[in-house]
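Below is one structure, written out as structure tokens; comments come after it.
What follows draws every value from the coordinates through simple rules; no lab data is involved. Model, not experiment: these values are computed from the prediction. Quick reminder, even Gly has a Cβ in these numbers, built from the backbone with ideal geometry, and neighbours come from all protein chains shown.
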Amino acid sequence: SQTIHQWPATLVQPVGSPLSLECTVEGTSNPNLYWYRQAAGRGLQLLFYSVGIGQISSEVPQNLSASRPQDRQFILSSKKLLLSDSGFYLCAWSVQLGSYGYTFGSGTRLTVV
Amino acid sequence: GDSVTQMEGPVTLSEEAFLTINCTYTATGYPSLFWYVQYPGEGLQLLLKATKADDKGSNKGFEATYRKETTSFHLEKGSVQVSDSAVYFCALNPNAGGTSYGKLTFGQGTILTVHP
């Protein structure tokens with residue numbers, strides 16, 4: 001069966017420090033991968049998605065970047081965190097085609113202080 | 001463009017009450033529709049889905065029927081429990097079955113609180 005792992009679960013970082021969040025998927029190949037942020041409140045903001053290795057699409061200009069160095073690995077990064085980067089970050093995967101939804105990771109709670 | 005609109009929350013109910021969370025959508029073509037649930041501090045979990053008009057998705061006592069004529073996918077449960085307290089998201093895949101890469105459009109979420 002397919003599983004998705006996301007870590008760390010919680011992170012407290014000072015302003016100006018770098019960030020690296022990792023997401024890996026097991027049990028499938030060539031998935032679509034997504035990074036979402038859920039800020040104060042409950043809405044979901046799509047940050048990045050990827051349909052293949054090295055292919056990254058950005059939905060919203062951010063202080064963040066994403067990379068996909070391997071088929072089932074998706075990394076969210078920042079060189080210098082801002083206070084406004086605080087939030088709950090969710091990774092998700094889906095199959096390439098078809099009427100399927102997403103499977104989400106358990107999320108990372110990031111607090112920038 | 002494609003969009004999903006959910007009823008404003010929060011929704012507060014007593015245990016065993018009937019639940020309806022409204023969801024309407026705008027999309028071209030024939031989207032697939034989904035309900036996700038997010039328990040406190042966790043990621044989103046797929047609750048149910050429907051892939052074509054008149055389909056009924058169901059899971060854990062929750063149901064939703066894909067109504068193309070009213071572009072709606074309302075979530076219902078006959079008797080809620082305290083453990084159903086969570087945030088519920090309606091979502092659509094706008095190009096199901098086509099060449100889309102499966103990017104979902106989410107509603108803003110509805111907070112449900114169930115009291116004993």
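Here are some notes:
- Across segment B:83-90, coupling constants 3J(HN,Hα) worked out from phi with the 6.51/-1.76/1.60 Karplus curve, θ = phi - 60°, read 5, 7, 4, 5, 9, 10, 10, 8 Hz, and Gly and Pro carry x.
- Between the amide H of A:L82 and those of A:G16, distances stay under 5 Å, these residues lying 5 or more places away or on another chain, with hydrogens modeled in the peptide plane.
- Neighbours of B:F18, meaning other residues whose beta-carbon lies under 10 angstrom from its beta-carbon, give a summed charge of -1 when Lys and Arg score +1 and Asp and Glu score -1.
- Between A:A9 and B:T5, the distance separating the two model label sites (each 7 Å from Cα on the Cα→Cβ line) works out to 4.0 nm.
- Taking Lys and Arg as +1 and Asp and Glu as -1, the other residues whose beta-carbon sits under 13 Å from that of A:S17 total +1.
- Amide H partners (placed H, <5 Å) of B:L48, local residues excluded: B:W35
- Across chain A, the relative contact order, built from alpha-carbon pairs under 8 Å that are at least six residues apart, equals 35 percent.
- By the beta-carbon count within 10 Å of each Cβ, the least crowded to most crowded order of A:S94, B:S72, fewest first, is B:S72, A:S94.
- Radius 14 Å from Cβ of B:G57, net charge of other residues (Lys, Arg +1; Asp, Glu -1): +2
- Restricting the calculation to Cα atoms, chain B yields a radius of gyration followed by a Dmax of 13.8, 47 Å.
- Gaussian network model of chain B, springs between alpha carbon atoms under 10 Å - residue of B:E63, B:E42, B:E15 with greatest fluctuation: B:E42
- Taking θ as phi - 60° and the Karplus parameters 6.51, -1.76 and 1.60, the scalar couplings of segment A:16-32 work out to x, 7, x, 9, 8, 10, 10, 9, 10, 10, 10, x, 8, 10, 6, x, 7 Hz in sequence order, x denoting glycine and proline.
- Cross-link partners for B:K49 among the aspartates and glutamates, with Cα-Cα distance under 16 Å and sequence neighbours closer than 8 places in the same chain left out: B:E63, B:E76.
- Taking amide H as placed 1.01 Å from N in the peptide plane, the amide H of A:W7 sits under 5 Å from that of A:E22, each at least 5 places away or on another chain.
- Exposure proxy ranking for B:I111, A:I75, based on other Cβ atoms within 10 angstrom of each Cβ and starting from the fewest, stands as B:I111, A:I75.
- Global form of the protein assembly as shown, assessed from the alpha-carbon gyration tensor, a/c cut-off 1.5: oblate
- Using only alpha carbons, segment A:45-113 has a radius of gyration to Kirkwood radius ratio (Rg to Rh) of 0.97.
- Footprinting exposure proxy for B:E76, A:E26 (fewest neighbouring C-beta atoms within 10 Å first): A:E26, B:E76
- Each of the trypsin sites (Lys or Arg not before Pro) that DSSP puts in a loop and that has at most 15 other Cβ atoms within 10 Å breaks chain A; the longest unbroken stretch is A:1-78.
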